[in-house]
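Please read the structure below before turning to the comments.
The values are calculated or read from the model by the stated rules, or taken from the named source; none is laboratory data. As the structure is a prediction and not an experimental result, all values here were calculated from the model. Neighbour counts are summed over all protein chains in view; Cβ atoms, including those assigned to glycine, are modelled from backbone coordinates with ideal geometry. Just the protein is used for accessible areas: all its heavy atoms, side chains included, with ligands, DNA and RNA removed. Shrake-Rupley method; radii C 1.70, N 1.55, O 1.52, S 1.80 Å.
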Amino acid sequence: MGVNVTSIKTSSNGAWQGDNPLDFAFPLLIVQTTLILVLSRFLAFLLKPLRQPKVIAEIVGGILLGPSAFGRNKDYLHRIFPSWSMPILETVASIGLLFFLFLVGLELDLSSIRRTGKRAFGIALSGISLPFICGIGVAFVIRKTVEGADKVGFGQFLVFMGVALSITAFPVLARILAELKLLTTKLGEIAMAAAAFNDVAAWILLALAVALAGDGPGEQKSPLISVWVLLSGVAFVVFMMVVIRPAMKWVARRCSPERDVVDEAYICLTLAGVMVSGFMTDLIGIHSIFGAFIFGLTIPKEGEFAERLIERIEDFVSGLLLPLYFASSGLKTDVAKISGGRAWGLLMLVISTACAGKIIGTFAVALMFRMAVRESLALGVLMNTKGLVELIVLNIGKEKQ
């Protein structure tokens, strides 16, 4: 049974009154969420002996639920994941994404960057420059071989490909280092600081790519608009650091174990601040997650306030909402579309270029800083960590066509 998008209702009157709950937004969202969580947790259990992170299970779960596997049965796909329901699922998932990037900013300690100094900066610079240049090279190949790729603006296509291949996943790297008990080692500190530099550079480049992209191919956009977007983004960051950061320091000082009621009010205001920051960057023309990330950076890391925020929202966001985002990425993926020698060849080219650029660039500069060969190679592999931010870049690219 088809559903008229203009007449979508939130909840049904129940089966006894002749309603099918799967034709209504909220009951269908419950079924989708439950299905995604059960499958992703089951896959995480199966992949645990291989020491794979949960995100892999969530993406694979989304791919299995989507058109690549179960979705080949059109009755199932149109009943459980109909096209009209996807914006609702993605909206809920995006709220989780917003708060996850806030948590990343909250956990990112800018002072650790100062301690490792020139070494981390040099490693980060090489770790993003070489794969970025390689990404531009891959972009030329793709423009000549993939039908329709040459219709996208030249500048934004090069920047987008460079960004997609050069990012290091800071939050995923942090978890890997924690699991391997490397977080407090010299190698771990350098990797974290270099990844932090890399992340900041990637966000700036991503903002540039989004500003250049506009709303899709064929759109004639004044370069002046891109300049305004970038200047507004810089002004937003300056405002957050100059005005909001001192305000958040004052809030953090006011919070203490004896002031539970006050704490509750401040935590609610902080959560509202995440949403407002996301709205402001979206208004500017940069993805809303950038605002949430910058707001996270303004929260003081010392004291109990940051700990209490993490404690309150981390499990709900990473356990319930974030898997929906990864799964929705999987649901958009149809592996069957990669067919023929050319398509598989391009896939291998992208993967090998991204990995080689990152590992070789980091390895070479680490050796220049007189690090041991084994440590330099380990650092190169660590900096090649991929994860959530890459998926965000690819999804933004898909949105902007």
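The table for this structure:
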quantity: Residue in the range 317-347 that is surrounded by the most Cβ atoms within 10 Å (Cβ to Cβ), counting only those that are of a type in the set (A, V, I, L, M, F, W, C) and under 13 Å from Val146 (Cα atoms); calculated: Leu346
quantity: Subset of the range 136-182 (residues that are among the basic types (Lys, Arg) and either open to solvent by 60 Å² or more (accessible area, probe 1.4 Å) or under 19 Å from the mean Cα position of the chain (by Cα) (or both)); calculated: Lys144, Lys151, Arg175, Lys181
quantity: Any hit, the range 87-104, residues being surrounded by fewer than 15 Cβ atoms within 10 Å (Cβ to Cβ) and not basic (Lys, Arg); calculated: yes
quantity: Residues located in the range 278-293, provided they are part of a helix (DSSP H, G or I) and open to solvent by 10 Å² or more (accessible area, probe 1.4 Å); calculated: Phe279, Met280, Asp282, Leu283, Ile284, Ser288, Phe290
quantity: Qualifying residue in the range 328-342 (condition: in contact with a helix residue (DSSP H, G or I) (Cβ under 8 Å, 6 or more places away or on another chain), modelled with pLDDT of 85 or more and among the hydrophobic types (A, V, I, L, M, F, W, C)); calculated: no
quantity: Filter result for Pro49 (assigned to a helix (DSSP H, G or I) and open to solvent by 60 Å² or more (accessible area, probe 1.4 Å)); calculated: yes
quantity: Members of the range 348-395 that are in a helix (DSSP H, G or I), open to solvent by less than 20 Å² (accessible area, probe 1.4 Å) and hydroxyl-bearing (Ser, Thr, Tyr); calculated: Thr362, Ser376
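Residues are listed down the side, and each one gets a yes or a no for (1) of a type in the set (D, E, K, R); (2) over 30 Å from Thr385 (Cβ atoms); (3) open to solvent by less than 80 Å² (accessible area, probe 1.4 Å):
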site: Ser12; (1), (2), (3): no, yes, yes
site: Asp23; (1), (2), (3): yes, yes, yes
site: Ile30; (1), (2), (3): no, yes, no
site: Ser40; (1), (2), (3): no, no, yes
site: Pro53; (1), (2), (3): no, no, yes
site: Phe70; (1), (2), (3): no, no, no
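Conditions tested, residue by residue: (1) assigned to a helix (DSSP H, G or I); (2) modelled with pLDDT of 70 or more; (3) within 22 Å of Ile396 (Cα to Cα); (4) in contact with a Phe, Trp or Tyr (Cβ under 9 Å, 6 or more places away or on another chain).
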residue: Pro171; (1), (2), (3), (4): yes, no, yes, yes
residue: Leu182; (1), (2), (3), (4): no, yes, no, no
residue: Gly188; (1), (2), (3), (4): yes, yes, no, no
residue: Ala195; (1), (2), (3), (4): yes, yes, yes, yes
residue: Asn198; (1), (2), (3), (4): yes, yes, yes, yes
residue: Asp215; (1), (2), (3), (4): no, no, yes, no
residue: Gln220; (1), (2), (3), (4): no, no, yes, no
